[in-house]
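The values are calculated or read from the model by the stated rules, or taken from the named source; none is laboratory data. It should be emphasised that the depicted structure is a prediction, and the values quoted were computed from it without experimental measurement. FYI the Cβ positions are ideal-geometry reconstructions off the backbone, even for glycines, and counts take in every protein chain you see.
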Amino acid sequence: MIPTPPMDVIDLDPVTGYLEDNGSTAAMVYPLADTITDPLSWLRQHRDRIDTALHGYGAVLLRGLEPDMRLFEEVVGLIGGAALRYSDRSTPRTQIGANIYTSTEYPPDQRIPMHNENSYADTWPARLFFLCETPADEGGHTPIADSRSVFRRLPQDLLDRFADGVRYTRTYRDDLGLGWQEAFQTDSRAAVESYCRAHDLDYDWNGSLLHTSTTRAAWRAEPHTGAPVWFNQANLFHVSALEEEIREALLAAFPERELPRNAYLGDGSPIPVADLALIEQAYDDCALTLPWQRGDLLIVANMLAAHGRTAYRGQRRIWVAMA
């Protein structure tokens with residue numbers, strides 16, 4: 001059952017927020033376009049209630065903001081604090097503002113599995129901000145899933161197998177995925193090695209190739225609610241997340257250890273394919289999809305809600321900030 005904040009969160013003056021709820025995941029929605037002339041003043045007035053909704057539901061959608069970079073930066077600062085630099089990168093993005101990025105630039109015909117941002121790392125953003133500049137002609141949604149509900153849906157024997165966490169491995173290549181210079185935003189090997197030591201990443205070099213591995217928890221206790229949340233990227237890092245043709249080509253070209261990324265159980269043993277299927281099913285069962293409209297701002301409490309991306313057609317541009 002989704003924790004419910006005080007009811008006065010729902011009935012706001014002058015805007016009435018309403019709840020989108022699929023029974024497993026919920027998000028508060030506030031339609032601002034025709035009623036709010038000064039969104040920053042409105043947010044200052046209702047910031048505490050927005051926080052309460054985020055702690056309760058994990059996501060808030062503000063509908064009808066102007067896609068203006070300065071406004072976006074101010075909203076992020078007001079609700080989340082200073083926007084974070086995207087470090088220890090795992091996906092290609094383009095920086096378009098002061099620590100403002102495009103959403104992950106994967107081919108549009110490929111979906112991005114549900115995940116919690118940077119859960120493969122030792123630190124992660126508390127809140128994510130997605131602002132829609134241009135919705136796709138078809139698809140391109142950003143579904144969310146309540147991480148508490150996902151955890152509750154997973155069977156105990158699966159949780160037992162993940163008790164030692166998830167081991168993430170990466171090989172950084174300039175011609176496939178991200179090179180280490182882009183991932184770590186430096187040309188200095190010494191700086192990369194210093195970062196790895198500071199963040200509990202095992203590393204080794206093979207010529208120009210960098211290989212890293214680390215083990216992180218599969219679930220954690222969310223600090224505001226104390227609830228256990230499924231919090232990892234095993235299903236996204238695992239080679240099975242790739243399209244079959246791409247996966248087979250990679251496995252034919254490289255030893256498994258040299259794949260751009262992969263995931264294992266914490267003890268280094270393979271993750272059973274059946275477990276990955278159960279995890280994906282749990283995400284699908286909990287998924288709440290709110291189709292993008294221009295000017296939508298989706299705020300996500302990263303530990304309480306996972307997110308993904310559906311395949312799409314046409315142009316699509318979503319701004320992202322992490323705080």
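The figures follow:
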| quantity | calculated |
| --- | --- |
| Identity of the residue in region 289-303, under 27 Å from P223 (Cα atoms) and more than 11 Å from the chain's Cα centre (by Cα), that ends up modelled with the lowest pLDDT | L290 |
| Long-range neighbours under 6 Å by Cβ, at least six apart or interchain, first residue touching a residue at least 40 places away in the same chain (Cβ under 8 Å) within region 261-281, second of a type in the set (V, I, T) | N262/T169; N262/V239; A263/V166; L265/I271; G266/T215 |
| Close pairs from region 140-167: first free of Cβ contacts under 8 Å to residues at least 60 places away in the same chain and part of a helix (DSSP H, G or I), partner of a type in the set (G, A, S) and buried (at least 23 other Cβ atoms within 10 Å of the Cβ), Cβ under 9 Å, at least 6 apart | R152/A282 |
| Out of N99, N116, sole residue that is surrounded by 18 or more Cβ atoms within 10 Å (Cβ to Cβ) and outside the structural domain of T214 (by TED's automatic domain parsing) | N116 |
| Conditions (1) modelled with pLDDT under 95; (2) more than 21 Å from S119 (Cβ to Cβ): number failed by G177 | (2) |
| Residues of region 30-62 classified as surrounded by fewer than 17 Cβ atoms within 10 Å (Cβ to Cβ) and closer than 17 Å to G295 by Cβ, total | 7 |
| Region 188-202, subset surrounded by fewer than 17 Cβ atoms within 10 Å (Cβ to Cβ) and touching a strand residue (DSSP E or B) at 6+ places or on another chain (Cβ under 7 Å), residue nearest to S119 (Cα to Cα) | D200 |
| Sole residue being surrounded by 14 or more Cβ atoms within 10 Å (Cβ to Cβ), among the hydrophobic types (A, V, I, L, M, F, W, C) and assigned by TED's automatic domain parsing to the domain that holds E222, chosen from L159, L84, L131 | L159 |
| Top-ranked residue in region 145-184 [being among the hydroxyl-bearing types (S, T, Y) and in contact with a helix residue (DSSP H, G or I) (Cβ under 6 Å, 6 or more places away or on another chain); ranked as nearest to N262 (Cα to Cα)] | Y168 |
| Residue selected from region 264-304 under the condition in contact with a Phe, Trp or Tyr (Cβ under 7 Å, 6 or more places away or on another chain) and either among the polar types (S, T, N, Q) or more than 22 Å from R152 (Cβ to Cβ) (or both), by the criterion surrounded by the fewest Cβ atoms within 10 Å (Cβ to Cβ) | P270 |
| Condition met for P260 (surrounded by 18 or more Cβ atoms within 10 Å (Cβ to Cβ) and at pLDDT below 95) | yes |
| Residues being under 24 Å from R161 (Cβ atoms), of a type outside the set (A, V, I, L, M, F, W, C) and more than 19 Å from the chain's Cα centre (by Cα) - total across region 247-288 | 11 |
